[in-house]
1. If I ask for residues that are part of a loop (DSSP other than H, G, I, E, B) and out of contact with any Lys or Arg (no Cβ under 9 Å at 6 or more places or on another chain), which ones from the range 82-101 would you list?
2. Restrict the check to the range 61-82 and report whether at least one residue is at pLDDT below 95 and either open to solvent by 80 Å² or more (accessible area, probe 1.4 Å) or touching a Gly at 6+ places or on another chain (Cβ under 6 Å) (or both).
3. How about the range 164-184: which of its residues are open to solvent by 60 Å² or more (accessible area, probe 1.4 Å) and in a helix (DSSP H, G or I)?
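The values are calculated or read from the model by the stated rules, or taken from the named source; none is laboratory data. Because the structure is predicted, anything quoted here is derived from the model rather than measured. Cβ atoms come from the backbone with ideal geometry, glycine included; neighbour counts cover every protein chain shown. Ligands, DNA and RNA are excluded from the accessible area calculation, which covers all protein heavy atoms including side chains. Shrake-Rupley method; radii C 1.70, N 1.55, O 1.52, S 1.80 Å.
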Amino acid sequence: MPSTRTHAPRGALVFDMRPLGRQAGSALTQTRTVPAPDDLRLELIGVPIGADVALEVRFEAVSEGVLATGTAIAPLAGECARCLAPLASSVTASFQELYLYADGRHDTHDKHEKQDKHEKQDKHEKQDKHGRLDKHDRHDRYDVQDEQNDEERYLDGDLLDLEPAFRDAVVLALPMSPLCREDCPGLCAECGVPLADAEPGHRHEDAADPRWAALKQFGDQASNHQDRRAGAIDLQEG
């Protein structure tokens, strides 16, 4: 199993497929320690730029291209979603991606099948106005075809750039709400101190809401007014 280390960020995730060849069924496994590219992160956690990432990939030649199946183990740095304390951990991401030959090498059956499909589409679109497809339907179909083409990945000659598949796999594997520990109690809602560092039974006296204080003052004034009125009535009756 060949193992190499590269320090060139732009070429770290590019693999030469010449040793693999194009004979369907042939396979090649490579391991590398590569520097992490940028933007492998979410809001609270991510892979530090340039950090060592352990990568193991199995390349298998198939009729239409190269199937890449791999695993990446990357260090993580960020902050806890509950107490905001710094944290460090790691993530393991797995991926599998088919890279098509850029020269369009496919078996004869696939070529004829695609050719027949395009001929039928052209013939259908050349019908008279009573049988013609609505222009919006045609545009929608072309948009779907363009999206499918954008999702396909191709080799650049004999070179396979693994970075897009690697990047997607790592980012999807990142935790949305990272925790410093599973039972992290978070921060005190009143003073913001980490509850894990606070004294047992940490709490605050209930603070009066200013709105309730104003209402209480109004109620006291009304009560005093009623008391004075009642006293006056008693004097008149006496």
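1. Our first condition is that a residue be part of a loop (DSSP other than H, G, I, E, B); within the range 82-101, this holds for 82-85, 101.
Residues satisfying the conditions are Arg82, Cys83, Leu84, Ala85.
2. yes
3. Correct list: Asp168, Leu172.
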